[in-house]
Every structure is written in structure tokens, then in C-alpha cells.
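Q: Questions regarding the structure given below will be posed in turn.
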Amino acid sequence: MKKFWLLVLCLILTTLSLLPLSACAQSQGSNQLKVGLECNYTPFNWTQTDDSNGAVPISGSTGEYAGGYDIEIAKKIAAGLGKELVIVKTEWTGLIPAVTSGKIDLVIAGMSPTAERRESVDFSDYYYLSDLVVVVRKDSAYAAATKPGDFSGAKLTAQQNTFHYTVLDQITGLNKQAAMKDFPSMIVAVNTKKIDGYISEKPGAISAVAANPDLTYVSFAEGQGFTYTNDDVSIAVAAKKGSTELIGKINTILSGISQDERNQWMDEAVKNQPISAE
């Protein structure tokens, strides 16, 4: 009833030219949930040309759809909030500025809730927890590495503006390369032997290897790998700073997703990823 009388008031004021019609529309709130992601980080998210396997249209783009693990999480959250999901394709470096400016409502993009990022945005509980590995060529001398120190002298890199790039400093004698824009660029660099390898979360490495038969990845035994916290290698939803109520609702929705369902989504994402994404 409150909304009804608010609408009536808006119409009256609009008629009297005392209030722009756009303000009335804003007062009713948007029924859309605008989610930003790269659409370029398999198996978490990617771009494809149809809506197969549950992919969602990318806003403002003709013939492009977003698929992957993040999309399944986004669909679940949008449904739980009673909102229409809108996917906004955004470069990695622009995701946090986009959510802080209000261009998008959430970041659901394989993003880790690191201490540095928590200074700018609020994060939900984890919706995925992984570990770090190194993607290399199968014929590389580093494919037999068992600890980070074995990469001394190697040319390694990671994606720009990620925690992954900072862990490279834990390798003494590393030939650290400039950070790269995205994972497809790093995969090309490894395949062409421009670099020896790059840091990745394990699901991303599995996807890269599935799409590129010349690649493999090096994982480390517990206690023998890089040093990091769960926040550094987990994945969570990001929202504008101060979104306490929204984050609470998202956490409730996430808590209703079973581990079996999450595992199934990840298995399907790895299986369904478009080879062209890599």
C-alpha cells in the first residue's frame, strides 16, 4: 500500500512538473541485479555464442552469452533476491571501480576477498575455496617441480592486480615477468614459450590443460607450496562498501547451496567450457 501511495504522489508531482519522471522510476527501485565479470576466466566465467548449458545473455552485446561456475552462482543469488539477472562484461581492473560507483551491483568473477580488496568493497562468505598451482608446458624442465624453490631462474608471471602476482616474490632467484592482462594471454605466452609458466587457481589450471594438450600444471604437497591465507585463494561475491544487509541476504542464499551442488557446477563448467576461450 505504501508503494501505491508513493507512486500516486510521484504521478501528481510529475503532472505539476515538480518532479522528473526519472526520479519516480528510481524511487521504485530496480528489479535488475547487475553482475560484473570478465567473461574470460574459465571455468569461472567465459563468453560463448549461444545460450547452451545455462549461459546468460551479456548486456549490450549481440550474440554473446556468459557461462561458467560464476554464472550459476549469479543465477542462484538473483533468484534468491527476486531479481532479474543482468550480466555486465567488465575488464578485470574495472570490476571494483564499477561496483563502488554503482555501475554494477555485484562482482561475481572468481574474485578473492584479499585484505587489500576488503578496504574498498564488502565481501560475502566464500563460494569456492581453491589452492595455487603453476601452469607450464608438459615438455618444460619445470614440469617436474615439487616446491616453489624449484622454479628459481624460471620466467613466471600472473594476472595483473591479483594476489597471484605477489606470491612470485616467494621464489628466490625467479626471473619475474611483467603481470599480464588475463589468463588467455598467459596461456598463449606459455604455449609459445615466451614465459615458462604462470600462477593460477587449480580450477583455472584444470580448464587450461583441458583446452590445451601441451600444457600441464604443478601442484604442491601440503605445507610445501606458497604461503597464503584462505582469503587469498577463496572466491566470494563483492558489493559496494556498506552493503551489510545485501551481503547478509547473499550469505543466506549461499548457505543453501550444498557442496555436492557446487562440485557438480564446477565439474560441468570444466566440461562445458568453450575451447576457443583459451
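The values are calculated or read from the model by the stated rules, or taken from the named source; none is laboratory data. Just so you know, these numbers come straight off a predicted model, no measurement behind them. Positions of Cβ are generated from backbone atoms using ideal geometry, with glycine treated the same way; all protein chains shown enter the neighbour counts. Areas reflect the complete protein model, heavy atoms only, side chains present, ligands, DNA and RNA absent. Shrake-Rupley method; radii C 1.70, N 1.55, O 1.52, S 1.80 Å.
Q: Name the single residue, out of those in region 27-60 being over 30 Å from Gln273 (Cβ atoms) and surrounded by 11 or more Cβ atoms within 10 Å (Cβ to Cβ), that is modelled with the lowest pLDDT.
A: Narrowing region 27-60 to residues over 30 Å from Gln273 (Cβ atoms): 27-31.
Then drop every residue that is not surrounded by 11 or more Cβ atoms within 10 Å (Cβ to Cβ), which leaves 27-28, 30.
Working: Ser27: 34, Gln28: 40, Ser30: 78.
Filtering first and then ranking leaves Ser27.
Q: A further question on this structure: Could you tell me which numbered condition Lys3 fails, if it satisfies all but one of (1) over 27 Å from Trp265 (Cβ atoms); (2) modelled with pLDDT of 95 or more?
A: Here Lys3 meets the rest and fails (2).
Q: For residues that are farther than 16 Å from Gly110 by Cα and touching a residue at least 12 places away in the same chain (Cβ under 8 Å), scanning just region 222-241, find the one that is surrounded by the most Cβ atoms within 10 Å (Cβ to Cβ).
A: Phe226
Q: Let me confirm something: among Ser200, Ser185, Ser152, Ser219, which residue is under 29 Å from Asp125 (Cα atoms), surrounded by fewer than 17 Cβ atoms within 10 Å (Cβ to Cβ) and at pLDDT 95 or above?
A: Working: Ser200 fails: surrounded by fewer than 17 Cβ atoms within 10 Å (Cβ to Cβ); Ser185 fails: under 29 Å from Asp125 (Cα atoms); Ser152 fails: under 29 Å from Asp125 (Cα atoms).
From the options Ser200, Ser185, Ser152, Ser219, the qualifying one is Ser219.
Q: For Ile206, which of the numbered conditions (1) surrounded by fewer than 23 Cβ atoms within 10 Å (Cβ to Cβ); (2) at pLDDT 95 or above; (3) of a type in the set (Val, Ile, Thr); (4) within 21 Å of Asp267 (Cβ to Cβ) fails to hold?
A: Only one criterion in (1) surrounded by fewer than 23 Cβ atoms within 10 Å (Cβ to Cβ); (2) at pLDDT 95 or above; (3) of a type in the set (Val, Ile, Thr); (4) within 21 Å of Asp267 (Cβ to Cβ) is unmet by Ile206, namely (2).
Q: A follow-up question, please. Can you report the number of residues in region 124-147 which are assigned to a strand (DSSP E or B) and open to solvent by less than 20 Å² (accessible area, probe 1.4 Å)? Quick ask: steps written out before the conclusion?
A: Narrowing region 124-147 to residues assigned to a strand (DSSP E or B): 124-129, 132-137.
With open to solvent by less than 20 Å² (accessible area, probe 1.4 Å) added as a condition, the list becomes 124, 127, 132-136.
Residues that pass the stated criteria total 7.
Q: So which of Ile104, Ile108, Ile77, Ile96 ends up being touching a helix residue (DSSP H, G or I) at 6+ places or on another chain (Cβ under 6 Å), under 19 Å from Asp232 (Cα atoms) and β-branched (Val, Ile, Thr)? Lay out the reasoning, then the answer.
A: Values: Ile104 fails: under 19 Å from Asp232 (Cα atoms); Ile77 fails: under 19 Å from Asp232 (Cα atoms); Ile96 fails: touching a helix residue (DSSP H, G or I) at 6+ places or on another chain (Cβ under 6 Å).
Matching residue, one of Ile104, Ile108, Ile77, Ile96: Ile108.
Q: Can you pull out the residues in region 242-267 that are touching a helix residue (DSSP H, G or I) at 6+ places or on another chain (Cβ under 7 Å) and open to solvent by 60 Å² or more (accessible area, probe 1.4 Å)? Don't jump to the end; show me each part of the working.
A: Let us first name the residues in region 242-267 that are touching a helix residue (DSSP H, G or I) at 6+ places or on another chain (Cβ under 7 Å), namely 249-250, 253, 257, 265-266.
Lys249, the sole residue that qualifies.
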